[in-house]
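The values are calculated or read from the model by the stated rules, or taken from the named source; none is laboratory data. If you're wondering where the values come from, they're calculated on a predicted model, not measured in any experiment. Glycine also receives a Cβ, built like all others from the backbone with ideal geometry; neighbour counts cover every protein chain displayed. Please note that ligands, DNA and RNA were not included when accessible areas were found on the heavy atoms of the full protein model with its side chains. Shrake-Rupley method; radii C 1.70, N 1.55, O 1.52, S 1.80 Å.
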Amino acid sequence: MTTDAHTATRGVGVVVVAAGSGSRLGAGMPKAFVPLAGRPLLGWALDTVAQVPGLRSVVVVAPADLADPGGPAWAGIDPPPGTHVVAGGAERTDSVAAGLAALDPGCDVVLVHDAARCLTPVAVFARVVDAVRAGAAGVVPGIPVVDTVKSVDARGVVTGTPDRGALRAVQTPQGFRRAVLESAHAGGAGATDDAALVEQLGHDVLVVDGDARAFKVTTVDDLAHAERLVAGA
Ligand code: CTP
Ligand code: MG
């Protein structure tokens, strides 16, 4: 075979969602373009994405007015060669769907990653890829929950206290067999993460170890925490 049918359908595609407005951070610009130690969060995230084992294709989903990688907002962002940039949608799910549609058809494993989790170590990506390669339909990194969690009704009255030992706070990258994620997005709606769409289809989703550094920059305090981490403080 000159065109290798095997390698033609094997490779990791990463969709980096960066199209959110960052309203809770309130920096006056979309969060992925807010500087961390002088470089946009997206730049930090892509530095790590570039090191993902088996990487074949990267799609960045950006706000429509920032989707030109030659534009000034992209200063300090060095996407891996061949990275596609597409415009996002109103909800995160819309942005993921736009990224998925632009992904190299040769990718059989897809990771979806929040640009806002800009300091996620490459080891987390590797664990997720390995678990999908080992046969899981969906894989999410998760960390133990330290607080006791309550469910409440509309009045705020506690309806239950789930066993904390059985809970995980999940992060990204979330990894999937491509066909699974595509069917999940074709049919699903109203979920807060991609894994939930895949769960709705009845697939098992495996949790692997996450990492404290995969926290999401959401607030000003989170950004300050990220600044301290990159400064080594
Ligand atoms: N995201 C996206 N498209 C959207 C909404 C979110 O690509 N319509 C991305 C964000 O850019 C971020 C990730 O999804 O990398 C997680 O979302 P979140 O932390 O909620 O980011 P924002 O929506 O930007 O923040 P906020 O909710 O505070 O406005
Ligand atoms: Mg949001």
**OP:** Calculate the dipole size of the range 5-231 relative to its Cα centre from +1 charges on Lys and Arg beta carbons and -1 charges on Asp and Glu beta carbons; express the result in debye to the nearest 20.
**Re:** 240
Subject >> Local electrostatic count at residue 107 - Lys and Arg +1, Asp and Glu -1, tallied over other residues with Cβ under 12 Å >> reply: +1
Original post:
Using the beta-carbon distance between residue 164 and residue 90 and R0 = 45 Å, what value does 1/(1 + (r/R0)^6) give for FRET efficiency, to the nearest 0.05?
Top reply: 0.85
**OP:** With all protein chains present, calculate the accessible area of residue 185 using a 1.4 Å probe and round the result to the nearest 10 Å².
**Re:** 30
**OP:** Report the accessible area of residue 125, computed with a 1.4 Å probe over the heavy atoms of all protein chains in place, in Å² rounded to the nearest 10.
**Re:** 0
Original post:
Counting Lys and Arg as +1 and Asp and Glu as -1, what is the net charge of the other residues whose Cβ lies under 15 Å from the Cβ of residue 228?
Top reply: -2
Subject >> Radius 10 Å from Cβ of residue 211, net charge of other residues (Lys, Arg +1; Asp, Glu -1) >> reply: +2
**OP:** Return the percentage of antiparallel bridges among DSSP beta bridges fully within the chain, rounded to the nearest 5 %.
**Re:** 40
**OP:** Could I have the simple spin-label model distance between residue 123 and residue 146, label points 7 Å from Cα toward Cβ, reported in nm to one decimal?
**Re:** 1.8
Original post:
By the gyration tensor of its Cα atoms, with a ≥ b ≥ c the square roots of the eigenvalues, what is the shape of the range 99-204: rounded for a/c under 1.5, prolate for a/b over b/c, or oblate?
Top reply: prolate
